[in-house]
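The values are calculated or read from the model by the stated rules, or taken from the named source; none is laboratory data. Because the structure is predicted, anything quoted here is derived from the model rather than measured. Cβ: placed from backbone, ideal geometry, glycine included. Neighbour counts: every protein chain shown.
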Amino acid sequence: MSTPRAAWRNTTHDWASTVDLDHLEHIRQNPAAFAPRGILHLIFEVVAYAADEAECGNGGHCRITLYPDGSVAIADNGRGTDTRLDEHGRIVKKPVMATKDLRFFDHPDAPSLPDTHPRRGMSVVAALSTWLVHTNRRRNGSWTQRYEHGVPTTELQPIADDHTTGTTVHFMADRSLMASSSTADDLARLTEPWPHLSVEIDDRRAT
């Protein structure tokens, strides 16, 4: 049953907002501060959400795919991004890509990611990526949406239900962040601190 959007409780993101352009631009103007280890840090920002899901449930799995074109896809088997119907029957997804994570972004005591730098949220990944495709499978429906530098360029596009749940984030980091690449062994070692999450690395780059 749909409920008024104004009554929805904000936990990780503000449901009243869809895109915070000032927030995204602030990130884009400070890539060294928000992605100090380049693409490696962006990968950890995404995997941290999969780890959250795994910790809330009975464990979880995540696959990191490194593509020859330099893009990266992180897929998990969690519940999928929260998606609801408002009082007008419109589909609304939690704005995880285009607005700040209320738990971390402005907090000086934000937890550190495995690269020892603070966690800020998924909007960092979206803002610092030339493109990002967010594919979501949830029990109440499945969809995909494309972003460019954090700004949605499509509406939610329904996709066929395959009877699974989870989230896939496929992104192409800005070229300036691509220099600090890591090996599959580096990634596997650095993702060990998340005990509830098993991580698989699929390195498809040319050797």
Taking the criterion of being surrounded by 14 or more Cβ atoms within 10 Å (Cβ to Cβ) and assigned to a helix (DSSP H, G or I), would at least one residue in region 63-74 satisfy it?
no
Residue set THR167, THR144, THR154, THR135; condition part of a loop (DSSP other than H, G, I, E, B) and at pLDDT 95 or above; output residue THR154
Which numbered condition VAL169 fails, given (1) more than 22 Å from CYS56 (Cα to Cα); (2) aliphatic (A, V, I, L, M); (3) within 14 Å of the chain's Cα centre (by Cα)
(1)
List pairs: first residue in region 85-112 and exposed (fewer than 14 other Cβ atoms within 10 Å of the Cβ), second residue in a strand (DSSP E or B) anywhere in the structure, Cβ distance under 8 angstrom, at least six positions apart or on different chains.
PRO111/PRO118; SER112/PRO118
Looking at (1) part of a strand (DSSP E or B); (2) modelled with pLDDT of 95 or more; (3) of a type outside the set (Lys, Arg); (4) crowded, with 21+ Cβ neighbours inside 10 Å, find the lone condition where SER123 falls short.
(1)
Could you check, for region 37-50, whether at least one of its residues is touching a strand residue (DSSP E or B) at 6+ places or on another chain (Cβ under 8 Å), assigned to a loop (DSSP other than H, G, I, E, B) and at pLDDT below 95?
yes
In the set THR81, THR18, the lone residue that is in a loop (DSSP other than H, G, I, E, B), under 15 Å from the mean Cα position of the chain (by Cα) and more than 24 Å from ASP185 (Cα to Cα) is THR81
